[in-house]
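Below is one structure, written out as structure tokens; the observations come after it.
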Amino acid sequence: MKTQLAVGVRELVEHVLRSGDLKVEFTGTSRAADAIRLHQRIQGERPPGYAPEVAVSRRVETPEVALAVGGRIDGVFAERAVPVIEEIKTTRRSPLECLREENPLHWGQAKLYAFIYAAEHGLEEAGVQLTYARLDTGETREARRHFPVADLAAFFENVVGRYLEWAVRISNWQGQRDASIRGLPFPFDTYRPGQQEMVAAVARCLGRSERLFNQAATGIGKTLAVLFPAVERLADGTCDKLFYLTARTTGRLAAEKALEELRARGLHLKSLTLTAKEKICVTPQAACHPEECEVARGHYDRLPAARRAMFASEAWTRAAVADAAHRFHVCPFEFALDLSQWADLVVCDYNYAFDPAAYLRRFFQEEAGDYIFLVDEAHNLVDRSREMFSAELHKKPFLDLRRSVKGALPAGLPQPGQDQRLDARGPPARRGGRGADGRAQRTGSAISP
């Protein structure tokens, strides 16, 4: 039976065509939301006959692998004599500058979408439009090219062919992994009191795609009791990846120890320990830019060799990742993020799954997958969630704004620095006083946009 694999167009292009330097820009949740709104605005301004968010897919088969290549086109000018596939990219830079760069990843992504769409609709020619939109101003610039479908097909076959070399390796690995799981015994001859019941409860929960909250005494072997039945779901095809989430070093070490015990009984499984950037970075004072960080220069040129070397092992611990990154001169954090795509199990902090500013977008936003989450000491999520979802206001930006407009406001309006306490307190009827019960009342203050 062939191994069934799926890859998104963006992931495919980045895996095959990405090269050169590492340049990391902080995006954050606000930028993601702004980008979505700008995409929707551009799509809404297109003429009649424009189809936004068009899903496409193409299946490629080899003797070992059936690969599904798919994704969602930003938009198609479908009513034109030669349909045009549009790829929209948001940026904080000048759109004209972006177009002049001739980014091979952006054009490659658009060309792959154009071929899949053309093949589905029996076209002999297709147009490709790359649109850059600036987030802060909304300015757009467009470039359009037309390609014979034969040229697009050749490009598609070249990119997919290069990816299939890696896909076959993934297929062979998954076969080895699944065979080891099917014959895997519990790593100890006997269970601890309550441990077998916990294994059975976790297995039932996962089989029904339910949630399980489990409270058990220290020393029962909880980590192994959840990992053992969860690993089995990889072999039956109902799970793509496991995430073991923990907030403490002791939880990480417990997960790694349990995996060692399972491997000692014959398990083959690639696990990654994802370490925070500030803890693994080799140049913490430098920006992730080739001008400041030496490992950022040419990072993507060296990444494929580092990836192949790492794939020969199974336990991708913090030390193992750091050692390989040092040997191949790549950024250890970005290297770990790349490895997370191929790991069967990822051990990481809560924030990589739940924090809007840090969660792994490649799994939880850009792609869909069947994942299992094993949350260690879940009661800690209450306090952590307050940190993740609470906004902060800093005084300095307000002071900077006040200085920038001081003296420039129209006549008649109060100037910054004048006594405005009365205005801030609101009208007299809302100020503090005495209520009907005679008790003193206090009024709060709020900042409105």
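The values are calculated or read from the model by the stated rules, or taken from the named source; none is laboratory data. All values derive from a computational prediction rather than experimental measurement. For neighbour counting, all protein chains shown are included, and Cβ atoms are generated from backbone atoms with ideal geometry for every residue, glycine included.
One residue alone among 217, 255 is surrounded by fewer than 13 Cβ atoms within 10 Å (Cβ to Cβ) and of a type in the set (Gly, Ala, Ser), and that residue is 217.
Give the number of residues within the stretch 266-279 that are out of contact with any strand residue (DSSP E or B) (no Cβ under 7 Å at 6 or more places or on another chain), part of a loop (DSSP other than H, G, I, E, B) and under 22 Å from residue 358 (Cα atoms). Of the residues in that region, 2 qualify. Screening 189, 236, 151 for residues that are at pLDDT 95 or above and not hydroxyl-bearing (Ser, Thr, Tyr) leaves exactly one candidate, 151. In the stretch 204-225 there is no residue matching the filter, namely being within 30 Å of residue 18 (Cα to Cα) and among the charged types (D, E, K, R).
Entry remark, the stretch 265-281: residues being crowded, with 16+ Cβ neighbours inside 10 Å and either free of Cβ contacts under 8 Å to residues at least 40 places away in the same chain or among the aliphatic types (A, V, I, L, M) (or both) number 5 in total. With a requirement of 3 or more residues that are under 30 Å from residue 1 (Cβ atoms), the strands (runs of 3 or more DSSP E) lying completely within the stretch 39-149 that satisfy it span 50-61, 65-77.
Scan the stretch 324-339 for residues that are surrounded by 19 or more Cβ atoms within 10 Å (Cβ to Cβ) and either under 14 Å from the mean Cα position of the chain (by Cα) or part of a helix (DSSP H, G or I) (or both) and the total you get is 10.
Taken as a whole, the condition of being buried (at least 16 other Cβ atoms within 10 Å of the Cβ) and of a type in the set (Lys, Arg) applies to residue 318. Of the residues 203, 133, the single one that is hydrophobic (A, V, I, L, M, F, W, C) and without any contact (Cβ under 8 Å) to a residue 60 or more places away in the chain is 203.
Looking across 263, 252, one residue alone is assigned to a helix (DSSP H, G or I) and under 22 Å from the mean Cα position of the chain (by Cα). It is 252. Contact map, the stretch 95-114: residues that are within 12 Å of residue 12 (Cα to Cα) paired with residues that are among the aromatic types (Phe, Trp, Tyr), Cβ distance under 8 Å, separation 6+ or inter-chain. Pairs shown: 108/155; 112/155; 112/156. Can you say whether residue 65 is in contact with a strand residue (DSSP E or B) (Cβ under 9 Å, 6 or more places away or on another chain) and within 15 Å of residue 116 (Cα to Cα), as far as the supplied structure shows? No; evaluated as a whole, the condition is false for this residue.
For every residue, the table says whether it meets (1) among the aliphatic types (A, V, I, L, M); (2) crowded, with 18+ Cβ neighbours inside 10 Å; (3) outside the structural domain of residue 236 (by TED's automatic domain parsing); (4) modelled with pLDDT under 95.
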residue: 8; (1), (2), (3), (4): no, yes, yes, yes
residue: 15; (1), (2), (3), (4): no, yes, yes, yes
residue: 19; (1), (2), (3), (4): no, no, yes, yes
residue: 23; (1), (2), (3), (4): no, no, yes, yes
residue: 28; (1), (2), (3), (4): no, no, yes, yes
residue: 32; (1), (2), (3), (4): yes, no, yes, yes
residue: 37; (1), (2), (3), (4): no, no, yes, yes
residue: 42; (1), (2), (3), (4): yes, yes, yes, no
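One residue stands out among those in the stretch 194-249 that are of a type in the set (D, E, K, R) and assigned to a helix (DSSP H, G or I): the one that is nearest to the chain's Cα centre (by Cα), which is 233.
For the residues 119, 143, the requirement of being farther than 22 Å from residue 46 by Cα and assigned by TED's automatic domain parsing to the domain that holds residue 42 singles out 119.
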